[in-house]
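The values are calculated or read from the model by the stated rules, or taken from the named source; none is laboratory data. Bear in mind the structure is a predicted one, so any value in this text is a computation, not a measurement. Every residue, glycine among them, receives a Cβ derived from its backbone with ideal geometry; neighbour counts consider all protein chains shown.
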Amino acid sequence: MKASEHEMQKKIYSQMVARIKPKPPLVRNVTGAFFFGGAICTLGQALWNFYISVGLAKDDASAAAAATLIFVAAILTGLGVYDSIAKYAGAGTIVPITGFANSIVAPALEYRREGMVFGVGQRMFTIAGPVLAYGFVSAWIVGLMTYLFE
Amino acid sequence: MDYLKAFIVGGGICVIGQLLMDLTSYRVTPAHILVGFVTGGVALSALGLYQPLVDFAGAGATVPLPGFGHLLAQGAVRGVRENGLLGAFAGGVEAAATGIAAAIIFGYLVAAVFTPRGE
């Protein structure tokens, strides 16, 4: 087969693939992400206001609200509810801090039969590990830049 | 009013994540979204762009993962101002410690106590 003919076939093939592969239902996904993501943040705001009203400082109240959301998300993941919501919410349940909690509980629970150390202890960091590594390193670089140039 | 702002900005940040997942290569997984959003939050925070969003939208900006990155970055900056170079190591982790510890502690306890589905 000549090279140009081969290229042509590859092009036709990729057009065929693009035509028949399932398209993500974008509008539905985006709507779900917006409403569920927005709702989780609104709940976070309610918790934040509540913790301020009982006398916590602004930053402490924010941390307490985050910890509460994490607690609720961990329990809901354990009950299998969080992943059911995620089917409709997509990134709306991944991007908020609750998604971070979900990313710890879900693999830890799934691999528990591999033991409490290599199952739970190790797998809980499957996604949280990379998140913490990139977060720590990039924040350290910001601190270093501040030290050097300020 | 602060609830509406939290809803719209928080929902909007999640929409960006959804678009990244749906419109890019299948290689972009939720793990990449989480890592990208935390690192992106650190970068936006360093450029001074994230604090205005927190002032405007409250939990709408702090609850999504870029808010976690913002916490780490601002902690590192504050650490350096108070303690010099040592603060670059401790500051970020200190600022984000409650969230990190809560996620690890509650995550571990739930995984240890609850029954995996399908068993």
(message) Would you confirm whether or not the stretch A:66-78 contains a residue that is within 8 Å of chain B (Cβ to nearest Cβ), among the aromatic types (F, W, Y) and farther than 18 Å from B:K5 by Cα?
(response) yes
(message) Condition check: closer than 25 Å to B:F37 by Cα, in contact (Cβ under 8 Å) with a residue 24 or more places away in the chain and out of contact with any Phe, Trp or Tyr (no Cβ under 9 Å at 6 or more places or on another chain). Does A:S103 satisfy that?
(response) yes
(message) So in the stretch B:24-51, with the set limited to residues that are facing chain A (nearest Cβ under 7 Å) and more than 12 Å from A:V142 (Cα to Cα), which one is nearest to the chain's Cα centre (by Cα)?
(response) B:V38
(request) Say whether the condition of being more than 28 Å from B:M1 (Cα to Cα), out of contact with any helix residue (DSSP H, G or I) (no Cβ under 8 Å at 6 or more places or on another chain), at pLDDT below 95 and among the β-branched types (V, I, T) is met by at least one residue in the stretch B:85-107. (result) no
(request) Consider A:G32 carefully, then state whether it is in contact (Cβ under 8 Å) with a residue 60 or more places away in the chain, part of a helix (DSSP H, G or I), more than 7 Å from chain B (Cβ to nearest Cβ) and within 23 Å of B:F7 (Cα to Cα). (result) yes
(message) Quick check on this structure: which one of A:G92, A:G135 is within 7 Å of another protein chain (Cβ to nearest Cβ) and touching a residue at least 40 places away in the same chain (Cβ under 8 Å)?
(response) A:G92
(request) Considering each of A:L56, A:L76 in turn, give the residue that is more than 20 Å from B:G11 (Cα to Cα) and part of a loop (DSSP other than H, G, I, E, B). (result) A:L56
(message) Filter the stretch B:74-119 down to the residues that are among the hydrophobic types (A, V, I, L, M, F, W, C) and outside any helix (DSSP H, G or I) and list them by number.
(response) B:F114
(message) I need the full set of residues from the stretch A:47-64 which are at the interface with chain B (Cβ under 7 Å from one of its Cβ atoms) and over 10 Å from B:T98 (Cβ atoms), in order please.
(response) A:W48
(message) Tell me yes or no: at least one residue of the stretch A:6-24 is of a type in the set (F, W, Y) and within 22 Å of the chain's Cα centre (by Cα).
(response) no
(request) Just one of (1) over 28 Å from B:L20 (Cα atoms); (2) modelled with pLDDT of 95 or more trips up A:F118, so point out which. (result) (2)
(request) Run B:F68 past the list (1) within 8 Å of chain A (Cβ to nearest Cβ); (2) more than 11 Å from the chain's Cα centre (by Cα); (3) surrounded by 22 or more Cβ atoms within 10 Å (Cβ to Cβ); (4) of a type in the set (F, W, Y) and report the number of the one that doesn't hold. (result) (2)
(request) Could you tell me which of the residues B:V28, B:V42 is without any contact (Cβ under 8 Å) to a residue 60 or more places away in the chain and either acidic (D, E) or crowded, with 16+ Cβ neighbours inside 10 Å (or both)? (result) B:V42
(request) Would you mind telling me which numbered condition in (1) more than 12 Å from the chain's Cα centre (by Cα); (2) under 17 Å from A:K58 (Cβ atoms); (3) within 7 Å of another protein chain (Cβ to nearest Cβ) B:K5 fails? (result) (3)
(request) Can you confirm whether the stretch B:75-86 contains a residue that is more than 7 Å from every other protein chain (Cβ to nearest Cβ), in contact with a Pro (Cβ under 7 Å, 6 or more places away or on another chain), of a type outside the set (F, W, Y) and more than 23 Å from A:N102 (Cα to Cα)? (result) no
